[in-house]
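Visitor: This is the structure, below, for whatever I ask next.
The values are calculated or read from the model by the stated rules, or taken from the named source; none is laboratory data. As the structure is a computational prediction, the values presented were derived from the model and not from experiment. Using ideal geometry, Cβ is built from the backbone for each residue, glycine included, and neighbour counts are taken over all protein chains shown.
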Amino acid sequence: MATPLTPVITAHWDVPDLFTLDGYRRTGGYRALPKALAMDPDAIIGTVKDTGLRGRGGAGFPTGLKWSFVPQGDGKPHYLVVNADESEPGACKDVPIMMANPHALIEGVIISSYAIRANHAFIYIRGEVPQAIRRVAAAVREAEQAGYIGTNILGSGFDLRVTVHSGAGAYICGEETALLDSLEGFRGQPRLKPPFPAVAGLYSVPTVVNNVETITNIPWIINNGVEWFRLFGTEKSPGFKVFAVSGHVVRPGIYEAPLGITMRELLEYAGGVREGGRVKFWIPGGSSVPMLNEDHLDTPLTYEAMAEAGTMLGTGTPMVFDDTISVVKSVTRWLEFYKHESCGKCTPCREGTYWITGMLERFEQGHGADADLDLLNEVCGHIMGRSFCALGDAAATPYPAAVQLFRDEFVSATRTPVDETFPPAAGYVFSAVGAR
Amino acid sequence: MTIAEQSAAVQPADVVTVTVDGIDVRVPKGMLIIRVAELMGIEIPRFCDHPLLDPVAACRMCLIEIEGNPKPQPACAIAVADGMVVRTQRTSEMAEQAQEGVMEFLLLNHPLDCPICDKGGECPLQNQAMSSGRGTSRFEGHKRTFEKPINMSAQILLDRERCVSCARCTRFAEQIAGDPMLELLERGAQQQVGIGPDAPFDSYFSGNTIQICPVGALTSSLYRFRARPFDLVSTPTTCEHCASGCSLRTDVRRGVVTRRLAWDDPEVNEEWNCDKGRFAFQYLDRGRVETPLVREAGALRVASWPEALDIAARGLAAARGRTAVLTGGRLTREDAYAYAKFARVALGTDDIDFRTRVSSDEESRFLASQVAGTPMGPTYADLDRAPVVLLVGLEPEDESPIIFLRLRRAARKNAVPVAVMSPVLTRGTEKMDARWIPCRAGGEAAALAGLAQSDPGLLAQLSTPGAVILVGERLAGVPGALSRAAALAASTGARLAWVPRRAGERGALDSGALAGLLPGGRPIGDPAARAEVAAVWRVSPDALPAAPGRQAPQVIDTVLADAERAQRDEPREYDALVVAGLELADDPRADDLRRALEDVPFLVAFATHHSEVTEHADVVLPVAVVSEKAGSFTDWEGRSKPFSAAIRGAQSVTDGRALAMLADALDVPMGTGEVAALRAELDALGRWGGPRTPAPDEPATPPAGGTALATWRLLLDRGRLQEDEPHLAATARPTEAVMSQETATALGLSGRATVVLTGDRGSVEVPLAIGEVAEGTVWAPMYSEGCDLQGIGLHHGAGVRVTGGAA
């Protein structure tokens, strides 16, 4: 029996004015807030811990545990920072959430801030999506006017300011410590850890950095409780997930389902691979996680099962590629992205992406060297686990998985330009599949 | 220091046991792995790591294996924990491979232009590529290139393609110097060090970035392409510029000083120095006096040493008892001592002074009671942990830059409160996170006297054991200020240190080159003191002058009065002057001093360089510059910093040796005058243990009305030792007059681009800037381009007429 879709966060996305305060309230919004404000903050942390909610930004760190690292009673201000710098190639879930239902995020922000005793929250939104920035900023203003943000919120004595901040176009600022640097007005580069942000984050005080989707989960958790939340998903991956399916599928889009749904099921909801195509390879959650092929279409989309399959759930935004696509070209584009976005701080990422990209571009042009097939693997090995932050690891991820699954294609690219083997027009999602 | 000894010094609870490459060591908790390995003699390769900079873990060269951790970890950023098992590249394949991988990455975009690179031969990248890299590169792509070089400042050049992005330079600029004008720009392989538009890296400490650059990316205009490291002969030396006492390394190429570097002295300058100490040395071999000169028919001509000595001896013999000696502030301790002895023994006079700058009898008494011949301290280390440090009349960034660096670090790392009593809130004060105690220029004495009322909090801090008060040169020109400082120290128990501006001043004071003081701080009026000195000098105590002689200002007055006496056919007080290391522009009464040098019947000048002084001399005896001789400087702490000659086999003679020859010609035996002999005598004399003269107790006079001038000499100015250094001079601070908006408005200067400062002897027009300056005070640099304030009769605390210049 197929896993059903379970719209929770996305439940009312068909309400045209859901993004307004009225629309959100009509659909049950801002009911968790008074309930939360009546709770002891530690009880909220305990609840979130008990749900087993894991970060939806990619790493899957348990949210409640992260919150519990914030030292309480330390006499310092605390901050909540929402990471809305969604920039991962293939990831498109946070921006839709902010566009469709910004108030759910804000309600989550208020409750989360209350839980960690933060009186100032920041929402750091990717600068390339001004629509989302405007929408969230407008929602914050509405919430302020309604008394959900400000001093003595709903008579609870709790004060909160919410600042919406625009990024400036650097992928690295999605890394939480680089984001904090950027938020402080510095050039975004990752910071040395420890200290971790929970101890010394924004302006060197305890800070929680959470993904948009993670925080958006909170109002529903408060409203419905731990047991309800755990009805979804698996023991180690409880809850529901906003899956954004893209690529060569008939109906790309957002599908909210319990964790543990399989790619085959998601593909069915998305109308399957476009006509005439079959899945050549897919990535579960952004270009930073290793690709899989058809063999793993029935692997549950959970943190643990994906890890067992040698990849990661990542952002939970699967991209599907059919057999019109050159894996060499895909990997080259991704590496060009990482090379362009490498912040330059550490040697392996800065120089490694430069080197790998150069080699891959030669493959793409049909001039790849046989020796480079293994050298690329070795160079990726010199980046993996040795770079300063996860961006380097991410850059070292696509090639080894690709060459393991599709070595022949790379061998072919030592002689034949990939555009001859895979005419680009055939791969365009918007072209008739029969173009090949 | 062994590891065992270090462990013994700390509490057992703070000691952890770690295993590095199979060897158990006990080290202090919190130590970084890379430091532990260093102590054990295990060298982990590194680029971004620097012991005096915060860890950044960016280069990834120092990756090592920590048991239990699947990924290699940066040794430079991880503190040891009890029971930690560390394997470096010596015992871990993971570490070795990781380092080899990082090295291959580093060389990817590096041009490998070692044969034409200044760093080649002393390059950490070159060395570590040999020790930790592969023999060949597997990279076959195109290296990224940049236009080269580009200027970070007039002095600092950057070849971007050589840079490995270790961020040492940018971290130095931000963390150590507090001049964050260098920053990493762009990203990925395009990441590069850069400056902002129209914001050059004009830091007083910029040269340090070249020295800590682990590749040849940063070079200086001065040294670029001038030498190969293996052509240089290096000597540890001491900086001759200020009283900070920096250890330097002087590099000589074929007999010419080609480069100077900061040398590691953890007690003093650590591994840093200022740009003056690093770059100002062209003077060493420009405009030198190369042979003795004697005056004949009104003009100087070359003479042999015997002839010149003979003429000098005859002139001085005729003037015995009627001669004064002015030595300037730049002599080594040994040379200053030689003058001190020569004056008393050979010339029979106590009229000697090392101060050709603003000075006073009050200062003289202050130095005699508080400073001369006292043991070392307070020291740099005392600044690190002091409960408070109060600076009065001292701008350390300009006048003693290493004090500035220490105080900045003490404030930032140890939260040491620094308070600066000054008419001006300078950037240096801000960079030390210091509290500014504004006081009108010349009002320092009154402000100190009133501190109990105005700032009881500071008084309480000063009463905490370990508190330090630092007083600077310009207080000599503020009547009562040094008295009040001494009184404040006495009443609070704070330790007091006098920070002179020149390297030779403390040594000259300690060795007796000041009227009234024999070596070791002995009062000349004390028979026991005279007896001690006479015994070492092997003369009769009765042969030494028994009363304090004249100080520099009185010497000048006396010579000028002599001219009038001579016109009246009365006998002169002085028939001769002996001068050494003298600069007319240093003296607040430069015109008077010039006239005195003209008027005195017989002038003997010991000189390294031709100058206005040598033009007036009857005999000029050429002496060695600092690079040609051994000696020592005593820094502001009282620490002796001996050095040997950087240029070996130089033909020039030291002042001490020349004085000994002159004494021989006078038939007054003074020994050989060799540095070792002079040092032995100084050691034999030691410190005075008898009663010291009491501290001066001059009242604090309230500052005069009108507009007061605040001034001091900037680090980089028109000083003689900075000649022929255009690149260095281009990084100097601009000449400008600074005053508060209120003062500018009150003086009707709002909207003026320039102002005219007028003193007794003229005026200068300088650009006007608005800043945080005490009310009724205007600040301007004392001796900068287009602004010689002493030359127009102005000094710190003086009244100044300020009028509008250009609109």
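Visitor: Looking at (1) surrounded by fewer than 24 Cβ atoms within 10 Å (Cβ to Cβ); (2) within 23 Å of residue B:727 (Cα to Cα); (3) in contact with a Lys or Arg (Cβ under 9 Å, 6 or more places away or on another chain), which is the only condition residue B:187 fails?
Guide: Against the list (1) surrounded by fewer than 24 Cβ atoms within 10 Å (Cβ to Cβ); (2) within 23 Å of residue B:727 (Cα to Cα); (3) in contact with a Lys or Arg (Cβ under 9 Å, 6 or more places away or on another chain), residue B:187 comes up short only on (2).
Visitor: Take the residues in the range A:330-365 that are of a type in the set (Lys, Arg) and more than 7 Å from chain B (Cβ to nearest Cβ); name whichever of them is surrounded by the fewest Cβ atoms within 10 Å (Cβ to Cβ). Reasoning before the result, please.
Guide: Our first condition is that a residue be of a type in the set (Lys, Arg); within the range A:330-365, this holds for A:333, A:339, A:345, A:350, A:362.
Checking the rest, the ones that are also more than 7 Å from chain B (Cβ to nearest Cβ) come to A:333, A:362.
Details: A:333: 16, A:362: 18.
Residue satisfying both the conditions and the ranking: A:333.
Visitor: Cβ-Cβ distance below 9 Å, separation of 6 or more or different chains: which pairs start in the range B:622-642 with a residue that is modelled with pLDDT of 95 or more and end on one that is of a type in the set (Asp, Glu) and part of a strand (DSSP E or B)?
Guide: The qualifying pairs are B:641/B:265.
Visitor: Out of curiosity, is residue B:656 under 27 Å from residue B:498 (Cα atoms), in a helix (DSSP H, G or I), of a type outside the set (Lys, Arg) and touching a residue at least 24 places away in the same chain (Cβ under 8 Å)?
Guide: Values: under 27 Å from residue B:498 (Cα atoms): yes; in a helix (DSSP H, G or I): yes; of a type outside the set (Lys, Arg): yes; touching a residue at least 24 places away in the same chain (Cβ under 8 Å): yes.
So residue B:656 fits the description; yes.
Visitor: Of the residues that make up the range B:471-482, is at least one of a type outside the set (Gly, Ala, Ser), out of contact with any Phe, Trp or Tyr (no Cβ under 9 Å at 6 or more places or on another chain) and in a helix (DSSP H, G or I)?
Guide: In the first step, residues of the range B:471-482 are kept if they are of a type outside the set (Gly, Ala, Ser); the result is B:471, B:473-475, B:478-479, B:482.
Next cut, out of contact with any Phe, Trp or Tyr (no Cβ under 9 Å at 6 or more places or on another chain) only: B:478-479.
Now narrow it down to the ones that are in a helix (DSSP H, G or I): none.
Scanning the range B:471-482, I find no residue that is of a type outside the set (Gly, Ala, Ser), out of contact with any Phe, Trp or Tyr (no Cβ under 9 Å at 6 or more places or on another chain) and in a helix (DSSP H, G or I), so the answer is no.
Visitor: Something else about it: Which of the following residues is at pLDDT 95 or above and either touching a strand residue (DSSP E or B) at 6+ places or on another chain (Cβ under 8 Å) or of a type in the set (Ser, Thr, Tyr) (or both): B:605, B:561?
Guide: Exactly one of B:605, B:561 is at pLDDT 95 or above and either touching a strand residue (DSSP E or B) at 6+ places or on another chain (Cβ under 8 Å) or of a type in the set (Ser, Thr, Tyr) (or both), namely B:605.
Visitor: Sticking with this one: Would you mind stating whether residue B:158 is crowded, with 24+ Cβ neighbours inside 10 Å, farther than 30 Å from residue B:638 by Cα, within 14 Å of chain A (Cβ to nearest Cβ) and not aromatic (Phe, Trp, Tyr)? Lay out the reasoning, then the answer.
Guide: Details: crowded, with 24+ Cβ neighbours inside 10 Å: yes; farther than 30 Å from residue B:638 by Cα: yes; within 14 Å of chain A (Cβ to nearest Cβ): no; not aromatic (Phe, Trp, Tyr): yes.
Answer is no for this residue.
Visitor: Another one. Can you confirm whether the range B:92-107 contains a residue that is part of a loop (DSSP other than H, G, I, E, B) and either buried (at least 20 other Cβ atoms within 10 Å of the Cβ) or within 14 Å of chain A (Cβ to nearest Cβ) (or both)? Spell out how you get there, then give the answer.
Guide: Taking the range B:92-107 and keeping what is part of a loop (DSSP other than H, G, I, E, B), we get B:92.
Now drop any that are not either buried (at least 20 other Cβ atoms within 10 Å of the Cβ) or within 14 Å of chain A (Cβ to nearest Cβ) (or both), which leaves B:92.
Taking every residue of the range B:92-107 in turn, at least one turns out to be part of a loop (DSSP other than H, G, I, E, B) and either buried (at least 20 other Cβ atoms within 10 Å of the Cβ) or within 14 Å of chain A (Cβ to nearest Cβ) (or both).
Visitor: For the range B:178-211, which residues satisfy the criterion of being over 22 Å from the mean Cα position of the chain (by Cα) and in a loop (DSSP other than H, G, I, E, B)? Let's see the steps before the verdict.
Guide: Just the residues of the range B:178-211 that are over 22 Å from the mean Cα position of the chain (by Cα), to begin with: B:180-200.
Correct list: B:180, B:181, B:182, B:186, B:187, B:191, B:195, B:197, B:198, B:200.
Visitor: List the residue pairs whose Cβ atoms are under 6 Å apart, where the first residue sits in the range A:366-390 and is free of Cβ contacts under 8 Å to residues at least 24 places away in the same chain and within 11 Å of another protein chain (Cβ to nearest Cβ), the second is of a type outside the set (Gly, Ala, Ser) and surrounded by 18 or more Cβ atoms within 10 Å (Cβ to Cβ), and the two are 6 or more positions apart or on different chains.
Guide: Qualifying pairs under 6 Å: A:372/A:359; A:384/A:393.
Visitor: When the residues of the range B:55-71 are filtered to those that are in a loop (DSSP other than H, G, I, E, B) and within 7 Å of chain A (Cβ to nearest Cβ), which remaining residue is farthest from residue A:351 (Cα to Cα)? Walk me through it before giving the result.
Guide: First pass over the range B:55-71, keeping only residues in a loop (DSSP other than H, G, I, E, B): B:55-62, B:67-71.
Next, from what is left, pick out any that are within 7 Å of chain A (Cβ to nearest Cβ): B:55-60, B:71.
Values: B:55: 21, B:56: 18, B:57: 16, B:58: 12, B:59: 11, B:60: 12, B:71: 19 Å.
Only one residue tops the list, namely B:55.
Visitor: Restricting the search to the range A:30-55, which residues are over 26 Å from residue A:144 (Cβ atoms) and either basic (Lys, Arg) or surrounded by 16 or more Cβ atoms within 10 Å (Cβ to Cβ) (or both)?
Guide: A:46, A:47, A:49, A:50, A:51, A:52, A:53, A:54, A:55
Visitor: How many residues, within the range A:170-186, are within 12 Å of chain B (Cβ to nearest Cβ), assigned to a loop (DSSP other than H, G, I, E, B) and within 15 Å of residue A:391 (Cβ to Cβ)?
Guide: Looking only at that region, the number is 1.
Yes/no per residue for (1) away from chain B (no Cβ under 14 Å); (2) within 22 Å of residue A:33 (Cα to Cα); (3) part of a helix (DSSP H, G or I):
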| position | (1), (2), (3) |
| --- | --- |
| A:76 | yes, no, no |
| A:97 | yes, yes, yes |
| A:105 | yes, yes, yes |
| A:113 | yes, yes, yes |
| A:128 | yes, no, no |
| A:135 | yes, yes, yes |
| A:138 | yes, yes, yes |
| A:143 | yes, yes, yes |
| A:163 | yes, yes, no |
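Visitor: Right, next: Regarding residue A:200, is this residue among the aliphatic types (A, V, I, L, M), under 18 Å from the mean Cα position of the chain (by Cα) and within 14 Å of another protein chain (Cβ to nearest Cβ)?
Guide: Details: among the aliphatic types (A, V, I, L, M): yes; under 18 Å from the mean Cα position of the chain (by Cα): no; within 14 Å of another protein chain (Cβ to nearest Cβ): yes.
Spelling it out, it is not the case that residue A:200 is among the aliphatic types (A, V, I, L, M), under 18 Å from the mean Cα position of the chain (by Cα) and within 14 Å of another protein chain (Cβ to nearest Cβ).
Visitor: Tell me which of these residue B:217 doesn't satisfy, since it passes every other one: (1) under 21 Å from residue B:405 (Cβ atoms); (2) surrounded by 24 or more Cβ atoms within 10 Å (Cβ to Cβ).
Guide: (1)
Visitor: How many residues are crowded, with 20+ Cβ neighbours inside 10 Å and more than 14 Å from chain A (Cβ to nearest Cβ) if we restrict to the range B:127-138?
Guide: 0
Visitor: Does residue B:141 qualify as being touching a helix residue (DSSP H, G or I) at 6+ places or on another chain (Cβ under 8 Å), within 13 Å of chain A (Cβ to nearest Cβ) and part of a loop (DSSP other than H, G, I, E, B)? Before you say what the answer is, go through the steps one by one.
Guide: Details: touching a helix residue (DSSP H, G or I) at 6+ places or on another chain (Cβ under 8 Å): yes; within 13 Å of chain A (Cβ to nearest Cβ): yes; part of a loop (DSSP other than H, G, I, E, B): yes.
Yes, satisfied.
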